[in-house]
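Novice: One structure is given below, represented as structure tokens, and several questions about it will come after.
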Amino acid sequence: MNQHHSKDQWRLTYHIMPEKGWLNDPNGAIQFNGLYHIYYQYVPETPLGGATHWGHMTSKDLVHFNQEPIFMSPDQPFDSHGVYSGGGFVKDGLIHFFYTGNVKLDGDYDYIYSGRKQHVVHVVSDDGFNILKREVVIDHDTFPEGFTDHIRDPKIIEHDGVFYMILGARKADNLGAVITYRSTDLSEWTYVGNLIEGTKDEGYMWECPDLFELNGRYVLIFSPQGIREEAYQFNNPHVAGYIIGCMDWDEVKFIPETEFIELDRGFDFYAPHTFEDETGRRIMWSWMGVGDIMPEYTNPTIARGWQHALAMPRLLTIKNDRLIQQPLTAYEGLRKEEQPLNINERYTLEDKAFELLFELPTEDEFSIDLIEDTTLEYKNGILTLEHGPSGCGRRWRSTKVDHIETIHIYVDTSSIEVFVNDGEVALASRVYPKDNMPHAHVKASDQAKVTLWGLKPSI
Ligand code: FRU
């Protein structure tokens, strides 16, 4: 499949994006009998969003993808206004998906808190394509007291032969929480309490929670809405991050051992969603979006009939109480011939999709001009990504980084993803250059080394 249209220079060449219409969160990621499946929030009719479907792509290597037919549409009474987000879970040769069936009510509601039903729906499949069963297992009307109508985005974790479902929630006091249900058969679910509750500095609604074990610890990822902006973090309207901790399984409580840490410092990153593949790797997908709700920004691809993409999948590990996020090594297979670049020399590049590796063992200051008017600058311990007019209203994001040894950049026509120090810090952003050839210009001392590869399309 080739999703790149020659008339639209912003179509991506190795990222998942909608053929037309709208895309948001990744959903239901699994590997089943060797084949990877990724589903995503998708509205085929319009690039502006609406009642979401689950779009579907498959892959053998997480680099090359096949577009599959839409997996689920909002065509049931319990999901008439959206087959919302949820997770996949493989058990005894079957795939179990759980998602939120969103139903908007007609009437005079305060829609910020109410006016909707969000049922938990269980879907069973024997191959990721067929649907054997699709039914409500938790009716909205049975949700516990003390919450607004916002309880959604189920994800399953198994512990000692028991299944736990976590859901993101907005409490009646307008604070975020993750709530938990328990089951022994994946059909009958009982509310067991709140896994964790937020304080007033931690947002009002926690979307897309995800809990998993990694390197002997537990990691809780979620996407809180309404976190207060600080000078060098939480600068997007909604952010995504994680806490590392441990689990008290008797009380079913998550016990934090770190603060809440933002996962990505670019303009476009939200609703991350992980899965463990058949080789035991913990891999994270995420929506390379959310920038669309910034008032200063209009995404120019809307006029071309589509909007948004997923970020590259990232391999997760833990080092020094931090999640490390790395591009998968399989993406090296897209590299064309290696091109060493001279420092302090400006290059016009032949490829609009490219990878740049910058190794700088001694530097405490540098800047990289690339694409059209995007700059990555490091000075006084602050790393800044700055867009010119091709940022379409988004200007800069700054992050504190003590010390930089490597900068690994993936550009794909209208996206940039940056991995600092082999995955200690990551930044994802969309950027919309005119149809000119991109350039690269690394300004640093000549002890630094820069390598560039054009990248072949894979989707
Ligand atoms: C996060 C989110 C989820 C919801 C989905 C609807 O971006 O709002 O909470 O399930 O998107 O598309």
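The values are calculated or read from the model by the stated rules, or taken from the named source; none is laboratory data. In this text the structure is predicted, and so the values were computed from the model without any measurement. With ideal geometry, Cβ positions are generated from the backbone for all residues, glycine too; neighbour counts draw on all protein chains shown.
Novice: Do we have any residue at all in the stretch 137-151 that's more than 19 Å from Y181 (Cα to Cα) and assigned to a strand (DSSP E or B)?
Specialist: The initial filter retains those residues of the stretch 137-151 that are more than 19 Å from Y181 (Cα to Cα), namely none.
Looking for residues that are more than 19 Å from Y181 (Cα to Cα) and assigned to a strand (DSSP E or B), one finds none in the stretch 137-151, hence no.
Novice: Criterion first (surrounded by fewer than 22 Cβ atoms within 10 Å (Cβ to Cβ), out of contact with any Cys (no Cβ under 9 Å at 6 or more places or on another chain), in contact (Cβ under 8 Å) with a residue 40 or more places away in the chain and basic (K, R)) does K253 satisfy it?
Specialist: yes
Novice: Tally up the residues in the stretch 81-97 that are within 14 Å of the ligand (Cβ to nearest atom) and either aliphatic (A, V, I, L, M) or not in a strand (DSSP E or B) (or both), please. Even if it seems obvious, please write down each step before you answer.
Specialist: Residues of the stretch 81-97 within 14 Å of the ligand (Cβ to nearest atom): 81-87, 97.
Remaining after also requiring either aliphatic (A, V, I, L, M) or not in a strand (DSSP E or B) (or both): 81-83.
Of the residues in the stretch 81-97, 3 are within 14 Å of the ligand (Cβ to nearest atom) and either aliphatic (A, V, I, L, M) or not in a strand (DSSP E or B) (or both).
Novice: I'd like to know if the stretch 160-168 contains one or more residues that are crowded, with 21+ Cβ neighbours inside 10 Å and more than 24 Å from the chain's Cα centre (by Cα).
Specialist: no
Novice: Checking E213 against (1) modelled with pLDDT of 95 or more; (2) under 28 Å from M288 (Cα atoms); (3) in contact with a strand residue (DSSP E or B) (Cβ under 7 Å, 6 or more places away or on another chain), which single condition isn't satisfied?
Specialist: Answer for E213: the failing condition is (3).
Novice: Of all residues being touching a Cys at 6+ places or on another chain (Cβ under 8 Å) and more than 22 Å from Q67 (Cα to Cα) in the stretch 271-328, which is surrounded by the fewest Cβ atoms within 10 Å (Cβ to Cβ)? Just the residue, please.
Specialist: Step one: list which residues in the stretch 271-328 are touching a Cys at 6+ places or on another chain (Cβ under 8 Å), which gives 271-273, 297-300.
Imposing the further condition that a residue be more than 22 Å from Q67 (Cα to Cα) reduces the set to 297-300.
Working: Y297: 15, T298: 12, N299: 23, P300: 14.
Across the stretch 271-328, the extreme among qualifying residues is T298.
Novice: Still on this model: In this structure, is D369 on the phi < 0 side of the Ramachandran plot and in contact with a Gly (Cβ under 7 Å, 6 or more places away or on another chain)? Full working, then the answer.
Specialist: Numbers: on the phi < 0 side of the Ramachandran plot: yes; in contact with a Gly (Cβ under 7 Å, 6 or more places away or on another chain): no.
For D369, the condition - on the phi < 0 side of the Ramachandran plot and in contact with a Gly (Cβ under 7 Å, 6 or more places away or on another chain) - is not met.
Novice: Within the stretch 64-74, which residues are within 16 Å of the ligand (Cβ to nearest atom) and not aromatic (F, W, Y)? Spell out the reasoning first.
Specialist: Looking only at the stretch 64-74, we keep the residues that are within 16 Å of the ligand (Cβ to nearest atom), and these are 70-74.
Correct list: I70, M72, S73, P74.
Novice: Given the structure, is G50 within 16 Å of the ligand (Cβ to nearest atom), farther than 24 Å from I416 by Cα and of a type outside the set (S, T, Y)?
Specialist: Values: within 16 Å of the ligand (Cβ to nearest atom): yes; farther than 24 Å from I416 by Cα: yes; of a type outside the set (S, T, Y): yes.
Considered against the rule, which asks whether it is within 16 Å of the ligand (Cβ to nearest atom), farther than 24 Å from I416 by Cα and of a type outside the set (S, T, Y), G50 comes out as yes.
Novice: Need at least 3 residues that are among the small types (G, A, S) and modelled with pLDDT of 95 or more per element, so show me which strands (runs of 3 or more DSSP E) inside the stretch 355-442 make the cut, counting only ones lying wholly within it.
Specialist: Working: elements: 366-371, 374-379, 382-386, 396-400, 406-412, 415-420, 425-430.
Those strands (runs of 3 or more DSSP E) span 425-430.
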